[in-house]
Amino acid sequence: MSQALSHQQILDLVPQQAPFRFIDHIVSVNEDGIVGQYTYKEDETFYAGHFPGQPVTPGVILLETMAQTGVVAYGLYLLSLQVEQSELDQWLTLFSDAEVEFSRPVYPGEQVTISAEKIFWRRMKLKARVNMHNADNELVASCVISGMGVRKQ
């Protein structure tokens, strides 16, 4: 069995990069779940058109944020428990399905906390229950999200 990755090692392996990276740091991770945080910068490019004069973080960006923590980063951690660390960069994590419900808007400058709980992990497929809360601990969005690991060609 391989050794689990550190928080920084997981972040180093997450393939999404600025300006499309929506995970600043990992608060905690174990075999049961992960907690990460992201602060939406006031100059994010999508705010210019969504909505001019009253910027709101688009729902697809909130879902991407939840996927980057709850499927990509968490999937890399779980994969690290099964394969050697030297092999981890040979895998891609692909999003496959989500059922999402939005509860409140997120504005520029807000920090969100994303927590994911494993529903199942088998045959390189991950399904997780993911919640996003704002700094006031109000539920922003929740989803059940799935993804799978595939070898790079």
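All of the numbers you see were taken from the coordinates with simple rules; none came from a lab. Please read all numbers here as calculations on a predicted model, not as lab measurements. Don't worry about glycine lacking a Cβ; one is built from the backbone with ideal geometry, like all the others, and counts go over all protein chains shown.
Among the trypsin sites (Lys or Arg not before Pro) found in region 58-153, those both in a DSSP coil and sparsely packed, with 11 or fewer other Cβ atoms within 10 Å of their Cβ, are Arg123, Lys152. Cβ-to-Cβ counts within 10 Å put Tyr107, Tyr38, Tyr74 in ascending order as Tyr107, Tyr38, Tyr74, the fewest first. Listed by chain and number, the aspartates and glutamates whose C-alpha is less than 16 Å from the C-alpha of Lys118, apart from same-chain residues fewer than 8 away, are Glu31, Asp32, Asp97, Glu99. Computed on region 81-132, with alpha-carbon pairs under 8 angstrom and 6+ residues apart, the relative contact order is 23 percent.
Selection among Gly33, Leu79, Gly53 by position relative to the dipole of region 25-86 gives Gly53 as farthest towards the positive end (Cβ unit charges, Cα centre).
For the chain, adding -39500 (n - 2.57) for each run of n ≥ 4 DSSP H residues and dividing by the number of residues yields -4000 deg cm²/dmol at 222 nm.
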